[in-house]
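The values are calculated or read from the model by the stated rules, or taken from the named source; none is laboratory data. Keep in mind it's a predicted model, so treat the numbers as computed, not measured. Here Cβ is always computed from backbone atoms with ideal geometry, including for glycine, and neighbour counts include all displayed protein chains.
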Amino acid sequence: MSAYSSPVTSAVRPPLAVLGSAVEVPLVGGEKVSYAALDYAASAPALQRVWDDVAAYAPYYGSVHRGAGYLSQLSTDLYEQSRRTVEEFLDLREGDQLVFTRATTDSLNLLAAVVPAGTRVFAFETEHHASLLPWRRQGLAVSFLPAPRSHAEAVAALDAALAAQPAEHRLFCVTGASNVTGELWPVAELTEVAHRHGARVVLDAAQLAPHHRVSVRELGVDWVAFSGHKLYAPFGAGVLAGRADWLEAAEPYLAGGGASRTVARQEDGSVAVEWHQGPARHEAGSPNVIGAYAIASACRALTEAGFDALQEREEQLLERLKTGLAEIPEVTVLNLFGGEAPQVGVLSFVVRDWNSSHFSAALSAEYGIGVRDGLFCAHPLVRTLLAGDAAAPASSCGAPDASLPGERSLNAIRVSFGVGTPEEHLERFLGAVRELVSDGARWTYRNEGGRCVADTRR
């Protein structure tokens with residue numbers, strides 16, 4: 001069995017408790033229904049366990065580091081214990097370092113700021129913008145590789161690119177699971193190839209960590225980055241963890257208090273600074289102790305629930321979703337590696353003769369289902385999957401008076417779920433897709449700011 005597979009049984013386990021599971025939302029016709037949150041890939045709801053832990057700590061909130069008072073000392077201990085909890089969750093190696101950041105985007109920008117000048121960075125064009133764009137700073141060379149159509153093609157393409165473009169320092173950035181298709185990438189195999197060529201690897205685990213156990217030691221990557229708000233801990237924190245040498249050698253990502261060990265004014269009027277070593281070097285300012293504690297709480301909750309059990313449940317729900325969509329001829333599911341490739345609970349599709357913004361608006365207004373439409377901050381990938389709509393706007397439903405259902409779809413619809421998703425939400429989604437395809441929308445829609453919205457001007 002692969003590292004990304006687990007046995008499937010017929011009984012589906014109940015979801016984990018998350019905030020918002022009892023929220024009702026109004027439909028355009030006036031009635032209310034329970035909200036079906038199917039946009040986990042953007043931000044997952046907080047686990048109830050995380051919320052409870054944060055609420056229990058909140059009265060004891062205090063400044064982190066250097067405070068002499070009891071609450072400051074307690075908060076400092078909580079913050080550093082949270083770091084150790086996340087280090088264990090990621091199975092870091094001895095000597096690895098973990099820095100708390102704001103999110104995956106912040107983590108990868110931090111790494112881009114500390115890589116040595118002259119480094120050549122490699123990434124497939126299929127990456128999220130957080131993995132594509134930070135490397136475009138002065139002093140770095142970037143090689144974007146075309147979208148592969150299989151794991152083997154991805155491995156071969158990286159091997160060839162690294163062989164053809166030597167450099168003193170090279171870094172390969174790869175996603176663990178696509179935020180568009182949910183497909184898993186062959187991280188261990190790609191890492192082996194990169195290391196054989198002397199290149200380092202950073203893993204964007206934003207979509208992987210909420211669904212699968214991530215072991216830095218086993219995968220062999222040099223760094224891993226992920227966000228708390230996708231890991232059921234939406235309190236504005238993220239993580240960059242891995243090798244310490246480039247982090248220790250570079251100027252701090254942010255200059256300020258906490259990052260500096262000593263600051264002294266020189267006779268010429270300049271300021272001499274000695275920076276901290278260790279995580280503090282890149283954690284200037286007052287740390288987000290609640291965000292760090294929330295991530296640690298989520299790590300504990302997912303570990304205790306058991307990733308094998310969580311994966312088994314997710315695979316059952318994913319199979320139901322894929323089977324249901326396959327029964328609707330007008331629906332085309334998007335993928336790079338083929339319909340049988342392993343994936344997490346993220347899936348994107350288009351519907352024949354429907355604009356994606358219109359379809360998503362109807363799911364929300366008429367069924368109380370929240371999905372996402374657009375290019376998902378992965379424009380090159382989605383345009384490749386949509387056969388090259390290079391000029392496609394991020395979200396458009398045409399002119400206000402256009403016939404929306406007949407417009408050509410220039411973007412896609414994404415449905416994503418996780419440990420808190422009940423079966424009923426996916427069944428309601430599938431039923432809604434079938435009804436919209438066969439009967440059309442029951443309401444009229446108009447363009448508002450480039451998005452389709454229900455027209456309530458009656």
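Only one of the numbered conditions (1) of a type outside the set (Asp, Glu); (2) part of a strand (DSSP E or B); (3) over 24 Å from GLY278 (Cα atoms) is violated by ALA156, and that is (2). Within the set ALA284, ALA298, ALA280, ALA292, the sole residue that is within 30 Å of GLU87 (Cα to Cα), in the same structural domain as VAL187 (by TED's automatic domain parsing), buried (at least 17 other Cβ atoms within 10 Å of the Cβ) and in contact with a Ser or Thr (Cβ under 6 Å, 6 or more places away or on another chain) turns out to be ALA292. How about the range 206-228: which of its residues are surrounded by 24 or more Cβ atoms within 10 Å (Cβ to Cβ) and either part of a helix (DSSP H, G or I) or touching a residue at least 60 places away in the same chain (Cβ under 8 Å) (or both)? The answer is ALA206, GLN207, LEU208, PRO210, HIS211, TRP223, VAL224, ALA225, PHE226, SER227, GLY228. Comparison of ARG451, ARG383, ARG372 shows that the only residue that is modelled with pLDDT of 85 or more, under 27 Å from LEU336 (Cβ atoms) and in contact with a Ser or Thr (Cβ under 9 Å, 6 or more places away or on another chain) is ARG372. Scanning the range 252-297 for residues that are touching a residue at least 60 places away in the same chain (Cβ under 8 Å) and charged (D, E, K, R) turns up just one, GLU283. Of the residues LEU78, LEU74, LEU108, LEU132, the single one that is of a type outside the set (Phe, Trp, Tyr), at pLDDT 95 or above, under 19 Å from the mean Cα position of the chain (by Cα) and not assigned by TED's automatic domain parsing to the domain that holds HIS379 is LEU108.
Of these, VAL121, VAL142, which one is of a type outside the set (Phe, Trp, Tyr) and either buried (at least 20 other Cβ atoms within 10 Å of the Cβ) or touching a His at 6+ places or on another chain (Cβ under 8 Å) (or both)? I'd like the intermediate steps shown before the answer.
Numbers: VAL142 fails: either buried (at least 20 other Cβ atoms within 10 Å of the Cβ) or touching a His at 6+ places or on another chain (Cβ under 8 Å) (or both).
Going through VAL121, VAL142 in turn, the sole match is VAL121.
Among VAL331, VAL351, VAL344, which is the only one that is of a type in the set (Val, Ile, Thr) and in contact with a His (Cβ under 7 Å, 6 or more places away or on another chain)? Break it down into steps so the answer makes sense when it comes.
Details: VAL331 fails: in contact with a His (Cβ under 7 Å, 6 or more places away or on another chain); VAL351 fails: in contact with a His (Cβ under 7 Å, 6 or more places away or on another chain).
Going through VAL331, VAL351, VAL344 in turn, just one is of a type in the set (Val, Ile, Thr) and in contact with a His (Cβ under 7 Å, 6 or more places away or on another chain): VAL344.
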